[in-house]
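Worksheet: the structure to be examined is printed underneath.
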Amino acid sequence: MNYSQLIKQLNKRTADPVYLILGDQEYLSQQIKEAFIRLIPDSERSMNIGNYDMEDTTISTAVEDAISVPFFGERRLVIVNRPFFLTGMRVKSKLEQNTDDFLDYLQHPEESTVMVIFAPYDKLDSRKKVTKALKKVATTIEIGNLRESEIKKLVTDQISDQGFSINSDALDRMVELTGGKLTSMMSDLPKLILYNNETKIIDVESVNGLVSRSMEQNVFDLVNSVLRKDPKQSMDIYHQLLLENDEPIRINAVLIQQFRLLLQVMILQKHGYAQGNLASTLKVHPYRIKLAMQTVKHFSYNQLRDAYIGLVDTERQMKSTSRPPELLFELFVLKFMKQVS
């Protein structure tokens, strides 16, 4: 089942006993949560909705709630957040998560309870007994790696619902500036709608002026300016990131990740991988893959490798010397550009 099918089902006030919402999309998670809450009448919500975070509550507590009879109502809603025990993650928590009660519940879910498990992870550990049991019983909705076309449709539908429209070039620019992050795009919509209230049309000019650039987009621009051997633009973008309170070591780490991705995309493309295969294989947002594919067309393997190695060495120096990190980055840029010139 996909997101749209789920919302249609819930709008008809029908629901399955157990749901698994898999993926980290804050906007969609919130929309789904609100749709489930609407299943419970306003007057019953305080007594018939339980909301549990597994990083500070046991799953047994959520199960105890789930097996309880609804209080003067037809349904109970039990929401389980961040079930890290379904993954291979290690979380700093003093709680001991014993999943036996949960496994028992999954064998015979309570008919009057809707249990919704929000797992904001790329994937679960399918080797675990509890994960296998959950996937066998639950209706699963994956909201993590949406295709660009799906993201655009969700944004366009939201705009249309408010009586507005958006130009195709403006929508493309929104995707570009936000790195294809649906939550960021939806967060910027109120500003765009207010600004274009008279025309009811969102254009590329207002997008350029009002949409916040993601760190990923700034890093993408920084990567390309470095590869194009443009020291002034490289340092301008770098200092802009610093002004936005990004730590030098974090910026460097994201740059390393980006160059690693470019190398992976270049190598896998030579082995016949297409855009969709790359996104699923590398577990990376499809939009990042699209940008990476555009970049690697213009540069050699040696250039990408040298930049990657240079950044790894810069990170080592940032952690082991007292030299200013900004200076170390400038030295990397100048050294790299001298190597490839």
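The values are calculated or read from the model by the stated rules, or taken from the named source; none is laboratory data. Here the structure is a predicted model, which is why all the values come from computation and not from measurement. Here Cβ is always computed from backbone atoms with ideal geometry, including for glycine, and neighbour counts include all displayed protein chains. Just the protein is used for accessible areas: all its heavy atoms, side chains included, with ligands, DNA and RNA removed. Shrake-Rupley method; radii C 1.70, N 1.55, O 1.52, S 1.80 Å.
Observations, loosely collected:
- Share of Cα-Cα pairs in segment 14-101 lying beyond 21 Å, as whole percent: 36
- For segment 182-341, the spread of Cα positions along each principal axis, largest first, Å: 53, 42, 27
- In this structure, the residue pairs whose Cα-Cα separation is over 27 Å, taken from 33/152; 191/297; 232/270; 152/232; 128/283, are 191/297; 232/270; 152/232.
- Gain upon complete extension [residue 321, residue 253; 0.36 nm per residue less C-alpha separation]: 22.8 nm
- Loop-located GluC sites (Glu not before Pro) across segment 196-229 with a Cβ neighbour count of 11 or fewer within 10 Å are 198, with loop assigned by DSSP.
- Taken one residue at a time, the phi angles of segment 50-64 give Karplus couplings (6.51, -1.76, 1.60, θ = phi - 60°) of x, 10, 10, 9, 6, 7, 9, 9, 7, 5, 4, 5, 5, 5, 4 Hz. Gly and Pro are set to x.
- Two-site FRET efficiency, residue 74 against residue 96, from Cβ-Cβ distance with R₀ of 51 Å, rounded to 0.05: 0.90
- Accessible surface, 1.4 Å probe, highest first, among residues 169, 230, 161: 161, 169, 230
- Amide H contacts of residue 18 (H built 1.01 Å from N, under 5 Å, at least 5 apart or other chain): 115, 139
- Rounded to 10°, Cα long-axis angle of helix 148-161 versus longest principal axis of the chain: 60
- Distance between the modelled labels on residue 212 and residue 150, one decimal in nanometres: 2.5 nm (7 Å Cα→Cβ projection).
- Nearest-10 value in Å² for the accessible area of residue 306, using the 1.4 Å probe: 50
- The C-alpha atoms of the chain define a longest principal axis, and helix 325-340 lies at about 60 degrees to it.
- Hydrodynamic radius (Kirkwood) for segment 150-225, which is based on Cα pairs only, to one decimal in Å: 12.4
- Projected label points at residue 245 and residue 161, each 7 Å from Cα along the beta carbon direction, are separated by 3.1 nanometres.
- Note on the chain: antiparallel DSSP beta bridges, both residues inside, total approximately 0 percent of the bridges counted.
- Proximal charge balance of residue 170 [Cβ under 12 Å; K/R count +1, D/E count -1]: -4
- Amide H within-cut-off set for residue 166, under 5 Å, with H built and near neighbours excluded: 202
- Estimated Rh, segment 36-177: Kirkwood, alpha-carbon pairs, angstrom: 17.7
- D by Stokes-Einstein for the chain, Kirkwood Rh over Cα pairs, 4 °C, 1.567 mPa s: 56 µm²/s.
- Estimated from helical segments only, the mean residue ellipticity of the chain at 222 nm is -18000 deg cm²/dmol, where each DSSP H run of four or more residues counts as -39500 (n - 2.57).
- At an R0 of 35 angstrom, the distance between the Cβ atoms of residue 298 and residue 331 translates into a FRET efficiency of 0.90.
- Amide H to amide H, with H built 1.01 Å from N, residue 142 comes under 5 Å of 22, counting only residues 5 or more places away or on other chains.
- Residue-span extension gain [residue 281 to residue 191] - 0.36 nm each, minus C-alpha spacing: 28.8 nm
- Cα-based helix-to-principal-axis angle, 182-195 vs the chain, degrees rounded to 10: 80
- Surface composition of the chain: carbon and sulfur atoms hold 49% of the protein heavy-atom accessible area at a 1.4 Å probe.
- Segment residue 260-residue 89, extension gain: residue separation times 0.36 nm, minus the distance between their alpha carbons: 59.3 nm
- Heavy-atom accessible area for residue 238, with the other protein chains in place and a 1.4 Å probe, reaches approximately 0 Å².
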